[in-house]
1. How about the range 127-204: which GluC sites (Glu not before Pro) there are in a DSSP loop, with at most 16 other Cβ atoms within 10 Å of their Cβ?
2. Using Cα Rg over 2.2 N^0.38 Å as the read-out, say which of [x] 1.05; [y] 2.10; [z] 0.99 was calculated from these coordinates.
3. GNM, the chain, Cα, under 10 Å: largest mean-square fluctuation among Leu208, Leu143, Leu132?
4. Which of Phe269, Phe149 has the fewest other C-beta atoms within 10 Å, and how do the rest follow up to the most?
5. Label-point separation (nm) for Arg268 and Leu208, each offset 7 Å from Cα along Cα-to-Cβ?
6. Suppose R0 equals 30 Å. What FRET efficiency, 1/(1 + (r/R0)^6) with r the Cβ-Cβ distance, do Glu180 and Glu86 give to the nearest 0.05?
7. Listing Asp163, Asp236 from the residue with the fewest other Cβ atoms within 10 Å to the one with the most, what is the order?
8. Modelled label-to-label distance, Ala226 and Glu256, 7 Å Cα→beta-carbon offset: nm?
Amino acid sequence: MGVAAMHPAFPRRPLLLAGLSLPAIAHAQGIEPAETPRRAARWHDLRQAILGDRPVAPAGAALDLTAPARAQDAALVPIAIALSAEIAPQVTTLTLVVDENPLPLAAVFRAGQPGALRALTARIRVDAYTLLHAVAETADGRLLEAARFVKAAGGCSAPIGGDLEAARQRMGRMRLALPEGPPGPGRAVPVQVAISHPNTSGLQMDPLTRLSIPAEYIREIRVTYAGAEVIGVAPDISIAENPTFGFTLAGEPGGELRVEAADNRDRRFAGTWTLGTTG
């Protein structure tokens, strides 16, 4: 079964999001600040396009979105989304939006296992000074929102970090990290999965030919443990090259962790690891 078929909750978002008005980054009096009527209107339009007319409430202490105030590298901006212990088991999906990116919907995360979204990490591209928004949906249909302002520019068109052909040759290799070891009875642990992939955005230019590099990016990820889904991810071009995601895993040791991924060219990749008592 293809990875895309495993994610009925992840319909491909229409590209009309790219048609929303792009930001005027520089104003006559300097860089546009975080809070302006234009930014508020931008988020209102995006929220309507992505979530519809459903009410969205401030998350408060239930959800914490962190990112560097000023990114060192706009093409590799680390972000983290943390849910409180009370709300984490109730959250079914998390939606990450980079308001000023050409395609603002960066990723949708789905919890296959309760609490899997408790501590999410990712690396994203940021194209202009922007608000980031994380929206959590609970099992009873509530939407809770947190925002963060990031100063960065040019990340979506920045060149990849090495030779493109070499990156394509490595495409699909995966790496697993268990910083606190495998899960155990009553013990959920952080997991990080990295997939080797250039994840080109379609906005980058070949420095030799001066032609645009076609978009090639991971569009679906599914993680299972002992045969049961842990997390599903529907990313887009705002995710940085070599997509890297962190999440939370619960279960008994000795199970098989399997990662399946597919890109927009319908190439499919998979990696498996057996998590013994020592990792």
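A short reminder: the numbers here are calculations on the coordinates, not readings from a lab. Please read all numbers here as calculations on a predicted model, not as lab measurements. As a convention, Cβ positions derive from the backbone with ideal geometry for all residues, glycine included, and neighbour counts pool all protein chains shown.
1. Sparse-neighbourhood loop GluC sites (Glu not before Pro): Glu180.
2. Matching entry in [x] 1.05; [y] 2.10; [z] 0.99: [z].
3. Result: Leu208 has the largest fluctuation of those listed.
4. Values: Phe269 19, Phe149 16.
The fewest-first ordering by Cβ neighbours comes to Phe149, Phe269.
5. Result for the modelled spin labels: 3.3 nm.
6. About 0.85, to the nearest 0.05.
7. On the way: Asp163 10, Asp236 25.
Listing Asp163, Asp236 from fewest to most nearby Cβ atoms yields Asp163, Asp236.
8. About 1.5 nm, to one decimal.
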